[in-house]
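These notes are about the structure you will find just below.
The values are calculated or read from the model by the stated rules, or taken from the named source; none is laboratory data. Owing to the predicted nature of the structure, the values given are computational and were not obtained by experimental measurement. No Cβ is skipped: glycine too gets one built from the backbone with ideal geometry, and neighbour counts run over all protein chains shown.
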């Protein structure tokens, strides 16, 4: 433990993200502070060229009437959109200019199908835009 060095997480993550097209950050679904931390990175990620924020919590085919009330523009939404930390993350991303995309699959019947469908949806965006840089915000076990 004599060699432990504490570093600034924000600065370390951003300096790593600059070198990549994909930045993946995990959340604990039950813990709003993980969404707040992701939001704290977005401005610097946008400056580094990231333009997509992909959220596992959103299914592009789901519809939640509360979206209009929350003034959130996205192709669809899911359960977590109603949590203030998630809705604020999305609002902030929109304000910065991110394209917020959902990639989850609520209709998928198995874990494997869900993972493959989600991966395919993200892959299509990266393959269709050779300059695309994407922040992928995911939950456990992906």
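Could you count how many residues in segment 6-49 are at pLDDT below 90, in a helix (DSSP H, G or I) and touching a strand residue (DSSP E or B) at 6+ places or on another chain (Cβ under 7 Å)?
Residues flagged as at pLDDT below 90, in a helix (DSSP H, G or I) and touching a strand residue (DSSP E or B) at 6+ places or on another chain (Cβ under 7 Å) within segment 6-49 amount to 0.
Before we move on, is residue 3 closer than 25 Å to residue 119 by Cα, free of Cβ contacts under 8 Å to residues at least 40 places away in the same chain and part of a loop (DSSP other than H, G, I, E, B)?
When the stated conditions are applied, residue 3 does not pass them.
Examine segment 50-65 for a residue that is at pLDDT 80 or above, surrounded by fewer than 19 Cβ atoms within 10 Å (Cβ to Cβ) and touching a strand residue (DSSP E or B) at 6+ places or on another chain (Cβ under 8 Å), and state whether such a residue exists. Before the answer, list the steps.
First, the residues of segment 50-65 that are at pLDDT 80 or above: 50-56.
Within this subset, residues satisfying the condition of being surrounded by fewer than 19 Cβ atoms within 10 Å (Cβ to Cβ) are 51.
Checking the rest, the ones that are also touching a strand residue (DSSP E or B) at 6+ places or on another chain (Cβ under 8 Å) come to 51.
Within segment 50-65, one or more residues are at pLDDT 80 or above, surrounded by fewer than 19 Cβ atoms within 10 Å (Cβ to Cβ) and touching a strand residue (DSSP E or B) at 6+ places or on another chain (Cβ under 8 Å).
Every residue in segment 76-105 that is more than 11 Å from the chain's Cα centre (by Cα), modelled with pLDDT of 90 or more and assigned to a loop (DSSP other than H, G, I, E, B), please.
97
Sort out which residues of segment 108-128 are under 18 Å from the mean Cα position of the chain (by Cα) and surrounded by 13 or more Cβ atoms within 10 Å (Cβ to Cβ), and write them in order of number.
Across segment 108-128, the qualifying residues are 114, 115, 116, 117, 118, 121, 122, 125, 126.
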